[in-house]
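Below is one structure; the comments refer to it alone.
The values are calculated or read from the model by the stated rules, or taken from the named source; none is laboratory data. It should be emphasised that the depicted structure is a prediction, and the values quoted were computed from it without experimental measurement. FYI the Cβ positions are ideal-geometry reconstructions off the backbone, even for glycines, and counts take in every protein chain you see. The accessibility values were calculated without ligands, DNA or RNA, using every heavy atom of the protein model including side chains. Shrake-Rupley method; radii C 1.70, N 1.55, O 1.52, S 1.80 Å.
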Amino acid sequence: MAELATIARPYAEALFKASSSDLSSVAIWVEELATIASNPQLLQFADSPKVTETQVFDLMVGIAKSTLTDAARNFLRAVIENGRLSVLPEIASQFRALKNAQSGSSDAVVFSAFAIDAAALTAVALALEKRFARKLNVSVQLQPELIGGIRVVVGDEVLDTSVKARLEQMKVALTA
């Protein structure tokens, strides 16, 4: 994993420096390209000796839902030409970390057993920002096995108020 991080770092830093005026829109297309590049079938296609770099580029541009800017196309070409397509998700991750460091925020993933409506998510986000003492970029992922409650992951910190966690705590207490 350290090897991927080492390979991705110069790409992420160069992209961050080149796009310092418009980080939000760059973050959107980098995340989209990273999602596309994480597909194992696409990586297998790209690794085929019969496939040209132009074919891989055209396929990725065709799959992308948003229209890619010239900067996005140039970046994608550079990544493909250097054989770093498999590193693109790590590049996106490091770019997001640089963007968060500049804005003083962090990514927070809220795992919930049920869908959370916008009003409740706003209230949860405000409470979490007070708890973690920083601005958070909150995203929600459904995890039905939690039974109820939420589990929040911010960097390496975890706040688990789920029913599953409470049941585990009771199990430990009863068997101790």
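So the values come out like this:
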{"quantity": "Counting DSSP beta bridges with both ends in the chain, the antiparallel % (nearest 5)", "calculated": "55"}
{"quantity": "Max mean-square fluctuation residue, GNM over the chain, Cα-Cα springs under 10 Å, options Ala72, Ala97, Ala133", "calculated": "Ala133"}
{"quantity": "Heavy-atom accessible area ranking, 1.4 Å probe, most first, across Lys135, Lys130, Lys164, Lys17", "calculated": "Lys130, Lys17, Lys135, Lys164"}
{"quantity": "Å² of accessible area per residue within the chain, as computed with a 1.4 Å probe and no ligands counted", "calculated": "61"}
{"quantity": "All Cα pairs of the stretch 7-118, percent lying beyond 25 Å", "calculated": "27"}
{"quantity": "Environment charge of Ala8, counting only residues whose C-beta is closer than 9 Å and scoring Lys/Arg +1, Asp/Glu -1", "calculated": "+1"}
{"quantity": "Rounded Å value of the spacing that divides the Cα centres of the stretch 1-42 and the stretch 94-166", "calculated": "23"}
{"quantity": "Cβ-defined net charge surrounding Pro144, 15 Å radius [Lys, Arg +1; Asp, Glu -1]", "calculated": "+1"}
{"quantity": "Note, ³J(HN,Hα) from phi for the stretch 109-115, Karplus 6.51, -1.76, 1.60, rounded to Hz, x at Gly and Pro", "calculated": "10, 9, 8, 9, 6, 10, 4"}
{"quantity": "Largest to smallest principal axis extent of the C-alpha atoms in the stretch 45-176, angstrom", "calculated": "61, 34, 27"}
{"quantity": "For the chain, built as a Gaussian network whose Cα springs stay under 10 Å, the top-fluctuating residue of Ser105, Ser48, Ser20", "calculated": "Ser48"}
{"quantity": "Fraction of accessible area attributable to carbon and sulfur, the stretch 1-112 (%, probe 1.4 Å)", "calculated": "54"}
{"quantity": "Accessible surface ranking that places the most exposed of Val110, Val158 first, with a 1.4 angstrom probe", "calculated": "Val158, Val110"}
{"quantity": "In sequence order, calculated HN-Hα J values of the stretch 60-75 (Karplus, 6.51, -1.76, 1.60; Hz; x Gly/Pro)", "calculated": "5, 5, x, 6, 4, 6, 8, 7, 7, 6, 4, 5, 5, 5, 5, 4"}
{"quantity": "The chain: calculated mean residue ellipticity at 222 nm from DSSP helix runs of at least 4, using -39500 (n - 2.57)", "calculated": "-19500 deg cm²/dmol"}
